[in-house]
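Coordinate-derived values only; no laboratory data. Just so you know, these numbers come straight off a predicted model, no measurement behind them. As a convention, Cβ positions derive from the backbone with ideal geometry for all residues, glycine included, and neighbour counts pool all protein chains shown.
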Amino acid sequence: MSAALSGRVPAGQELGADAADISASVADPDRFARVFDRHSDEIHRYAARRLGADRQDLADDVTAETFLVAFRKRRRYDLTRPDARPWLYGIAANLIAKHRRTEVRKLKALARAAEPDTDAFEQRSVDRMDAQRLGPRLAAALASLRTAERELLFLVTWAELSYEQAAEALGVPVGTVRSRLSRTRAKIRAAMEGRR
């Protein structure tokens, strides 16, 4: 029986703070609040970035639902994993995936949008003009990615998860993360350079 199902950790191995709190929360549900306190801001920032600044209400909902799902599944948490962040990011990513259609529509609309007129201040700012020029192309490149590719890219770049943590969050081998990320970066480079 695995550590996740038995609630036990192999002899000689100490629990990390997250694993200890999750394990203790099975008997004392209030202990799970420590996991929430440690990670809710980070999960919320990730959800807000993934869903867009104009969707703070949805980011709030995704964050709350992430911890609700985690609380309900806490008995199945693998206690050999001291850091719950990859597990929580995986839950959040699955919830965000439910909003995929909206996300893709938004990226495609941004890609179709004409460049806005710039005022004198913007004309003096090369960086800002480059961002405006590349924004629609980048949005189109992101919209063209498969959901799994886009989610992995955001977990590594925005959430700053390691390849190992991203693999854990998505439930795939580390080798899959490496190869998928390499292909995703190549697709984005090609789209940004106008190649297909």
**Request:** Quote to one decimal, in nm, the extra length available between THR147 and ARG183 on full extension: 0.36 nm per residue of separation minus the C-alpha distance between them.
**Result:** 11.6 nm
**Request:** Could you sort 72-81, 171-180, 143-152 so that the peptide with the highest average Cβ count within 10 Å comes first and the rest follow in order?
**Result:** 143-152, 72-81, 171-180
**Item:** Histogram of C-alpha separations across region 27-92, 10 Å bin width, %
**Value:** 22, 54, 21, 4
**Message:** Per residue of region 18-27, what does 6.51 cos²θ - 1.76 cosθ + 1.60 with θ = phi - 60° give for ³J(HN,Hα)? Whole Hz please, x for Gly and Pro, Karplus curve as stated.
**Reply:** 5, 4, 5, 5, 5, 4, 5, 5, 5, 8
